[in-house]
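What follows is a short report on a single structure.
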Amino acid sequence: MHVAVIGAGIVGLTTAWYLAKLGVDVTLVDSGEPGSGASGGNGGQLSYDFVAPLADPSVIAKIPSLLWQKQSPLRVRWRCDLDFYRWLAGFMRACNRSSVVNTTELLLKLAHESRALAVDFFEQESATADYRVAGKLVLFRDQPSFNSAQRQVALQAKLGSEQRAVTAEECVAIEPALARDAANIVGAIWTPTEAVVDTAKLCEKLMSALSERGGFRFVRAQVGRVCVTGNSADRLITSIGELRADAYVVAAGTQSKRLLRPLGIHLPIEPLKGYSITVPITQDAAAPSVSITDSAKKIVYARLGNRLRIAGMAELVGHDSSIEQARVDQLSKSALDLFGEFGNFKEISPWVGFRPATPSGVPIFGRSSVAGLYLNVGHGGLGLTLSFASSFWLARALVERMSARSGATEKEGGQTWLQSFQCP
Ligand SMILES: Cc1cc2nc3c(=O)[nH]c(=O)nc-3n(C[C@H](O)[C@H](O)[C@H](O)COP(=O)(O)OP(=O)(O)OC[C@H]3O[C@@H](n4cnc5c(N)ncnc54)[C@H](O)[C@@H]3O)c2cc1C
């Protein structure tokens with residue numbers, strides 16, 4: 001069996017990995033280098049227990065002030081685009097308690113499976129990629145937000161998460177680098193099992209592990225079109241010619257929507273632009289070792305080897321990939337306010353990426369309405385965290401289905417589990 005996977009971000013690479021492990025020949029196609037999309041410079045946090053969706057009832061009340069604040073992490077560029085307003089309407093519909101509970105349940109299950117699969121990968125492939133179980137503190141700077149976070153902890157405790165609320169003093173005991181700003185912290189949620197990894201290095205490791213297996217090849221090309229005959233996907237038109245396979249997986253991040261629209265598949269995905277900077281650490285004790293999320297500023301900090309990755313901002317501005325200096329300065333200032341001088345800010349490697357966001361925060365993976373065409377898309381702000389599990393299940397379901405079509409018996413497993421996820 002030969003499968004073509006479109007997109008070599010963390011989702012496409014893990015898809016290729018699990019397909020290859022099932023004995024499938026894989027051609028991975030990307031217009032750029034592997035990991036060069038939203039994956040490479042992301043926040044580096046493996047948020048296995050902090051999956052609360054962005055769409056939350058409390059967000060609705062905060063939106064007006066978030067939109068008007070000068071340095072708000074949220075920015076919206078209003079434009080004439082029906083899909084964009086449909087997405088916004090879907091987001092607003094998802095801002096209710098029952099949707100948050102359902103989404104949390106689904107994402108936690110996926111995230112916990114992802115953790116087990118990623119740990120297996122790191123052990124079996126002797127991968128490092130600056131992977132570390134660092135623990136995570138999510139900081140709160142006002143009481144109502146902290147109270148609401150504690151309600152989420154109570155919900156997640158029933159679903160198997162190990163988290164607890166801690167005071168500002170306890171935060172400093174856990175992470176001494178927070179001492180400088182402790183007076184502005186109301187409390188935090190501490191999750192000792194959370195991990196960090198350098199996603200760019202992880203993508204490199206996946207590529208090298210794949211390249212060592214027979215039956216794998218990487219093709220550097222832009223996919224212009226997925227061609228369908230009858231109701232079956234039958235070839236890809238790429239910038240370097242046609243590509244045929246027995247099945248196709250679209251894992252093209254935010255570009256998946258454009259690729260699938262001509263087939264009548266309308267993905268509810270919007271690019272949610274974010275920034276990151278990576279600061280070389282020069283003063284070891286001043287930089288955090290624990291992974292940190294500053295919830296009020298929507299900024300995350302992850303120590304990757306001897307560098308601190310600082311990521312944040314959520315901008316609905318289409319695919320505008322410009323790097324605005326004011327945003328970069330905002331990230332630098334937030335880090336300096338929180339930790340003081342700890343690194344060389346002259347070499348900060350600014351980066352932007354687009355989270356493939358669905359309104360509810362639930363990714364879309366499984367088979368599509370076109371035979372032989374599968375999707376693994378829409379992982380939003382949790383693609384690094386969730387990719388191992390969504391790819392594992394997608395690969396299993398694809399192989400079961402294709403084997404059934406060629407006469408072998410379809411086994412229970414992947415297909416059944418995937419039914420909980422949306423797939424057009
Ligand atoms: C600022 C920021 C911080 C983040 N922090 C975290 C975090 O801490 N933890 C976490 O879990 N997640 C985080 N995320 C989210 C995570 O990075 C994304 O969910 C994830 O990278 C999505 O992976 P992907 O493979 O779907 O997309 P991408 O990485 O964008 O990969 C898609 C690939 O498809 C290719 N492609 C697209 N169209 C075509 C085409 N037509 N032909 C050929 N190739 C094509 C692109 O070149 C690209 O390489 C963050 C995201 C951002 C932006």
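What the table shows:
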| item | result |
| --- | --- |
| Selection count where residues are farther than 30 Å from Ile10 by Cβ and either among the hydrophobic types (A, V, I, L, M, F, W, C) or within 23 Å of the chain's Cα centre (by Cα) (or both), scope the range 172-197 | 7 |
| Any hit, the range 265-275, residues being away from the ligand (no atom under 13 Å from the Cβ), within 30 Å of Asn231 (Cα to Cα), out of contact with any Phe, Trp or Tyr (no Cβ under 9 Å at 6 or more places or on another chain) and in contact (Cβ under 8 Å) with a residue 60 or more places away in the chain | yes |
| Residue match in the range 165-179 (condition: crowded, with 20+ Cβ neighbours inside 10 Å, under 20 Å from Val290 (Cβ atoms) and of a type in the set (S, T, N, Q)) | no |
| Members of the range 3-48 that are among the hydroxyl-bearing types (Ser, Thr, Tyr) and over 18 Å from Trp351 (Cα atoms) | Thr14, Thr15, Tyr18, Thr27, Ser31, Ser47, Tyr48 |
| Residues (away from the ligand (no atom under 11 Å from the Cβ), of a type in the set (S, T, N, Q) and within 15 Å of Leu108 (Cα to Cα)) located in the range 352-388 | Ser360 |
| Among residues of the range 291-302, those that are over 17 Å from the mean Cα position of the chain (by Cα) and surrounded by fewer than 22 Cβ atoms within 10 Å (Cβ to Cβ), counted | 3 |
| Verdict on Trp87 being farther than 30 Å from Asn184 by Cα and either touching a residue at least 24 places away in the same chain (Cβ under 8 Å) or in contact with a strand residue (DSSP E or B) (Cβ under 6 Å, 6 or more places away or on another chain) (or both) | yes |
| Ala55 vs. criteria touching a Cys at 6+ places or on another chain (Cβ under 6 Å) and outside any helix (DSSP H, G or I) | yes |
| Filter result (farther than 20 Å from Val196 by Cβ, touching a residue at least 60 places away in the same chain (Cβ under 8 Å) and not aromatic (Phe, Trp, Tyr)) within the range 121-143 | Arg141, Asp142 |
| Selection status of Gly23, more than 11 Å from the chain's Cα centre (by Cα), more than 9 Å from the ligand (Cβ to nearest atom), in a loop (DSSP other than H, G, I, E, B) and surrounded by fewer than 24 Cβ atoms within 10 Å (Cβ to Cβ) | yes |
| Selection count, the range 31-48, where residues are more than 6 Å from the ligand (Cβ to nearest atom) and buried (at least 24 other Cβ atoms within 10 Å of the Cβ) | 5 |
| Residue, farthest from the chain's Cα centre (by Cα), within the range 237-270, restricted to residues that are in a strand (DSSP E or B) and surrounded by 21 or more Cβ atoms within 10 Å (Cβ to Cβ) | Ala247 |
| All positions within the range 219-238 that are more than 8 Å from the ligand (Cβ to nearest atom), touching a residue at least 24 places away in the same chain (Cβ under 8 Å) and either among the basic types (Lys, Arg) or over 18 Å from Ser368 (Cα atoms) (or both) | Val219, Arg220, Arg225 |
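None of the figures in this text is laboratory data; all of them are computed from the coordinates on show. What you are looking at is a predicted structure, and each value in this text was computed from that prediction instead of being measured. With ideal geometry, Cβ positions are generated from the backbone for all residues, glycine too; neighbour counts draw on all protein chains shown.
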